[in-house]
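J.: Dropping a structure here in structure tokens format, bear with me for questions.
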Amino acid sequence: MTLKEFNIIENQLINEYAGYFDKKELITQFPSKLSNINEEEFYFYMTKYLNKFHDPHLKLVDFNGLYPNIRVQLYNDQLYVIDSRNPQIPTGTVIYNLGSYSINYILENDHDLLKSSNPERMEWSDVLKKYKYIVSDSKEISILQKDKPDFFEQSYIIENKSTYIYIKFTDFIDHLKISNLIDKHKNLLLNAKQIIIDVRGNRGGSDLAYLKLLPYLTTESITITDDTPYYHRFTKSYCDERIHTISELIKQMPDSDDLDEYKSILNLYKDNYDKGFVNINNNPESDTIKGIQEKCPDVKVLADFECGSSGDNFVKFAHEFKNIEIIGRPTKGMNDYSNIMFIDINGKYKLSVPHSKDGNVDLGKSMGKTGIPVDHYISWTPEELEKDIILEIAINRFTSLT
């Protein structure tokens, strides 16, 4: 590696990153710029540093390397395979060593790669990437592959389960598809007495994608006024990228209320072009969700650590509804800093850089380390490998099953 790659990252943290003023001390402690390390060493060296920011959106992304083909969960100092795309390593396998090192050794020496000391919030993908294989029956089995495995296949579901309506969104990316699905099941939703909304593993997307569902969840009009500042760091490069991207989206969109929303967002970047750090919530308006149900349904929202970004926001919104209970585990907590841009690093890596900041950070309400809380917490145990504990508990917590 050359000093150029280090300089690009440091420059982005100083001149583009929305967390610059909050993380200034950490940025001034930028690690030594080493020209004698290879690309793989560079990746782990910088990742350990960036993890200290506790900002899930700020990260180095390897687009051309190898990807882990298993997902794991630590429980009582044992590492369980909770999902596998490796035919030699079935789900439920207990891993005692990664490479030639014990799990306890890795917990002690690679904690900076795990991002958290809480076993339920540890992220093991970089550790798996670093150690490359496990040993089973004296045979080395690679846990990496060239193509990125899809552990979270896109799925939008609204189903009648007899006693309740089951809704699952694995992301909020395809706004049109979600909107059409809600329209298709309008009558089913209007007659629902009990609803389960499953956003476990939700990969985020656009908050606009779930707004259409909210009126089906209540009989009331819920007014939300958020006067917390919300900042964007309107740099020239950020504005140029957003103006181009949104303009292209508008060209492809039919006339609708959504089109007006996107035009308003486009004007936001034009009006604040290259103005630097700006609070875009200095004249907050109230948002009103007008419930359309005749009788208020009993709603359970299922969440977990893999639910992030717009998934975080959905769970945060759900807390405003008196008839909604959130069950499972706290979300990932990705939205202290958002609205990312990808910056190329030597053609092999890209740096994800957030350009917006939630003012709750200044009020001591950061979500980065804790996520959005749930109403009814369920700890992870290996029993979840055999059955869907969170779903079962949610069903049992309905007031009635008539």
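The values are calculated or read from the model by the stated rules, or taken from the named source; none is laboratory data. Every value quoted in this text rests on a predicted model; they were computed, and no experiment measured them. Positions of Cβ are backbone-derived with ideal geometry, glycine not excepted, and every protein chain shown enters the neighbour counts. With ligands, DNA and RNA removed, areas are computed over all heavy atoms of the protein, side chains included. Shrake-Rupley method; radii C 1.70, N 1.55, O 1.52, S 1.80 Å.
J.: Which of the residues belonging to the range 120-147 are among the basic types (Lys, Arg) and surrounded by 13 or more Cβ atoms within 10 Å (Cβ to Cβ)?
T.: The answer is Arg121, Lys129, Lys130, Lys132.
J.: Looking at (1) in a strand (DSSP E or B); (2) closer than 18 Å to Thr331 by Cβ; (3) aliphatic (A, V, I, L, M), find the lone condition where Ala209 falls short.
T.: Checking Ala209 against (1) in a strand (DSSP E or B); (2) closer than 18 Å to Thr331 by Cβ; (3) aliphatic (A, V, I, L, M), the one that fails is (1).
J.: Please go through the range 294-332 and give me each residue that is assigned to a strand (DSSP E or B) and acidic (Asp, Glu), ordered by number.
T.: Asp298, Glu325 - these are the residues of the range 294-332 that are assigned to a strand (DSSP E or B) and acidic (Asp, Glu).
J.: Let me ask something else. Scan the range 341-368 residue by residue and report those that are under 25 Å from Thr2 (Cβ atoms) and either in contact with a helix residue (DSSP H, G or I) (Cβ under 9 Å, 6 or more places away or on another chain) or open to solvent by 20 Å² or more (accessible area, probe 1.4 Å) (or both).
T.: Met341, Phe342, Ile343, Asp344, Ile345, Asn346, Gly347, Lys348, Tyr349, Lys350, Leu351, Val353
J.: Then there is this: Which numbered condition trips up Leu217, out of (1) open to solvent by 10 Å² or more (accessible area, probe 1.4 Å); (2) farther than 21 Å from Asp358 by Cα; (3) at pLDDT 95 or above?
T.: So the condition that Leu217 fails would be (1).
J.: Of the residues Phe21, Phe42, which is more than 21 Å from the chain's Cα centre (by Cα) and under 24 Å from Cys239 (Cα atoms)?
T.: The match here is Phe21.
A quick yes/no check of all residues on (1) outside any helix (DSSP H, G or I); (2) touching a residue at least 12 places away in the same chain (Cβ under 8 Å):
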site	(1), (2)
Ser338	yes, yes
Phe342	yes, yes
Leu351	yes, yes
Ser356	yes, yes
Lys369	yes, yes
Trp380	yes, yes
Glu383	no, no
Ala394	no, yes
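J.: Identify the single condition in (1) surrounded by fewer than 13 Cβ atoms within 10 Å (Cβ to Cβ); (2) at pLDDT below 95; (3) more than 27 Å from Thr331 (Cα to Cα) that Phe63 does not satisfy, given that it satisfies every other one.
T.: Failing condition for Phe63: (3).
J.: Just need a number here: residues in the range 80-119 that are touching a residue at least 12 places away in the same chain (Cβ under 8 Å) and either of a type in the set (Ser, Thr, Tyr) or open to solvent by less than 20 Å² (accessible area, probe 1.4 Å) (or both).
T.: Number of matching residues: 19.
J.: Turning to a different aspect of this structure: Residue by residue through the range 169-192, note down the ones that are closer than 20 Å to Lys290 by Cα, open to solvent by 30 Å² or more (accessible area, probe 1.4 Å) and outside any helix (DSSP H, G or I).
T.: His185, Asn191 - these are the residues of the range 169-192 that are closer than 20 Å to Lys290 by Cα, open to solvent by 30 Å² or more (accessible area, probe 1.4 Å) and outside any helix (DSSP H, G or I).
J.: Also: Any idea which of (1) closer than 23 Å to Pro354 by Cβ; (2) loosely packed, with under 13 Cβ neighbours inside 10 Å is the one Phe53 doesn't satisfy?
T.: (2) is the only condition that Phe53 fails.
J.: While we're on this one: May I ask you to verify whether Thr218 is touching a residue at least 12 places away in the same chain (Cβ under 8 Å) and touching a helix residue (DSSP H, G or I) at 6+ places or on another chain (Cβ under 7 Å)?
T.: Criteria not met by Thr218.
J.: While we're looking at this one, here's another question. Can you find a residue that is open to solvent by less than 60 Å² (accessible area, probe 1.4 Å), at pLDDT below 95 and of a type in the set (A, V, I, L, M) anywhere in the range 247-254?
T.: Among the residues of the range 247-254, at least one is open to solvent by less than 60 Å² (accessible area, probe 1.4 Å), at pLDDT below 95 and of a type in the set (A, V, I, L, M), which makes the answer yes.
J.: Here's a follow-up. For the range 129-141, how many residues are out of contact with any Gly (no Cβ under 7 Å at 6 or more places or on another chain) and in contact (Cβ under 8 Å) with a residue 24 or more places away in the chain?
T.: Of the residues in that region, 6 qualify.
J.: Would you tally the residues in the range 1-42 being of a type in the set (Asp, Glu) and more than 21 Å from Tyr337 (Cβ to Cβ)? Before the answer, list the steps.
T.: We begin by selecting, within the range 1-42, every residue of a type in the set (Asp, Glu); these are 5, 10, 16, 22, 25, 39-41.
Those still in the list that are more than 21 Å from Tyr337 (Cβ to Cβ) too: 5, 39-41.
Summing the residues that are of a type in the set (Asp, Glu) and more than 21 Å from Tyr337 (Cβ to Cβ) in the range 1-42 gives 4.
J.: Same structure, new question: Which condition breaks for Phe151 when tested against (1) within 19 Å of Phe305 (Cα to Cα); (2) surrounded by 13 or more Cβ atoms within 10 Å (Cβ to Cβ); (3) out of contact with any Lys or Arg (no Cβ under 8 Å at 6 or more places or on another chain)?
T.: (3) is the only condition that Phe151 fails.
J.: Follow-up. Starting from residues that are modelled with pLDDT under 95 and among the small types (Gly, Ala, Ser), keep the ones in the range 132-151 and report whichever is nearest to Thr170 (Cα to Cα).
T.: If we take residues in the range 132-151 being modelled with pLDDT under 95 and among the small types (Gly, Ala, Ser), then Ser136 is nearest to Thr170 (Cα to Cα).
J.: Answer yes or no: is there a residue in the range 272-293 that is part of a helix (DSSP H, G or I), at pLDDT below 95 and surrounded by fewer than 14 Cβ atoms within 10 Å (Cβ to Cβ).
T.: So far as the range 272-293 goes, no, none of its residues is part of a helix (DSSP H, G or I), at pLDDT below 95 and surrounded by fewer than 14 Cβ atoms within 10 Å (Cβ to Cβ).
Yes/no per residue for (1) acidic (Asp, Glu); (2) closer than 25 Å to Ala18 by Cα; (3) modelled with pLDDT of 95 or more:
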| site | (1), (2), (3) |
| --- | --- |
| Leu188 | no, no, yes |
| Arg200 | no, no, yes |
| Gly204 | no, yes, no |
| Thr228 | no, yes, no |
| Glu241 | yes, yes, yes |
